[in-house]
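**Q** Starting off with a structure, shown below.
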Amino acid sequence: MDAATDIEGVFTRQVKTVYRLCFSYLGQHAEAEDATQAVFMKLVVAPRTFADAEHEKAWLLRVAANHCKDVLKSARVKRAAELPPDLPEQAAPPEHGDLLQAVLALPDLYKDCVYLHYYEGYKTDEIAAMTQTPPSTVRNRLRDARALLKTALEGEGNDR
């Protein structure tokens, strides 16, 4: 199998997973698509061989998370102008529920753990290996994230 076919296979298998992670960081469809494209371009520019499907997925998720963090730190994002107040309101897409908004508002160290555990189904030991942190730290971050989410969602319920 040549490198182009292999990269095409990796893309086909993992594009939705990478996109979901990028969207969880960036919160916008267009930004998530750009980030997803950038992640796979890194694989095109520097092809690599993966030990198995889990190694492939873990590598792509780590690259995607790092890329999204860089995007969020970039001057372009920091200098983004606010929209004028006279623009018409648009309804939020259905995937923007209260829970997703609360998850998106979490600090990155919690967001990574929540995404990998609840959306991708990784166990805490696997997340620890991917993020190079002790398993106990991952479990503590998941516990803390659940508490933050509970507080955030209860607070919204009282505002209504």
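**Q** Report every pair of residues separated by at least 6 positions or lying on different chains whose Cβ atoms are under 8 Å apart, first residue within the stretch 31-50 and part of a loop (DSSP other than H, G, I, E, B), second surrounded by 13 or more Cβ atoms within 10 Å (Cβ to Cβ).
**A** P47/D6; P47/I7; R48/W59; F50/V10; F50/E56; F50/W59
**Q** Output the residues belonging to the stretch 106-135 that are exposed (fewer than 15 other Cβ atoms within 10 Å of the Cβ), within 18 Å of the chain's Cα centre (by Cα) and among the acidic types (D, E).
**A** Hit for the stretch 106-135 is D108, nothing else.
**Q** Exactly one of these conditions fails for M130: (1) among the hydrophobic types (A, V, I, L, M, F, W, C); (2) closer than 22 Å to Q28 by Cα; (3) touching a residue at least 60 places away in the same chain (Cβ under 8 Å). Give me its number.
**A** Here M130 meets the rest and fails (2).
**Q** Next question, about the same structure. If a residue must be modelled with pLDDT under 90 and among the charged types (D, E, K, R), how many such residues does the stretch 36-51 contain?
**A** Matching residues across the stretch 36-51 total 1.
**Q** Let me confirm something: among V138, V71, which residue is in contact with a Ser or Thr (Cβ under 7 Å, 6 or more places away or on another chain), open to solvent by less than 50 Å² (accessible area, probe 1.4 Å) and modelled with pLDDT of 85 or more?
**A** None of the others qualify; the one that does is V138.
Here's the yes/no breakdown for (1) within 17 Å of the chain's Cα centre (by Cα); (2) open to solvent by 20 Å² or more (accessible area, probe 1.4 Å); (3) within 18 Å of E120 (Cα to Cα):
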{"site": "I7", "(1), (2), (3)": "no, yes, no"}
{"site": "Q14", "(1), (2), (3)": "yes, no, yes"}
{"site": "V18", "(1), (2), (3)": "yes, no, yes"}
{"site": "L21", "(1), (2), (3)": "yes, no, yes"}
{"site": "Y25", "(1), (2), (3)": "yes, no, yes"}
{"site": "D34", "(1), (2), (3)": "yes, yes, no"}
{"site": "F50", "(1), (2), (3)": "no, yes, no"}
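The values are calculated or read from the model by the stated rules, or taken from the named source; none is laboratory data. This one's a predicted model, so the numbers in the text were calculated from it and none came from an experiment. Cβ: placed from backbone, ideal geometry, glycine included. Neighbour counts: every protein chain shown. Keep in mind that these areas ignore ligands, DNA and RNA; they rest on the heavy atoms of the full protein, side chains included. Shrake-Rupley method; radii C 1.70, N 1.55, O 1.52, S 1.80 Å.
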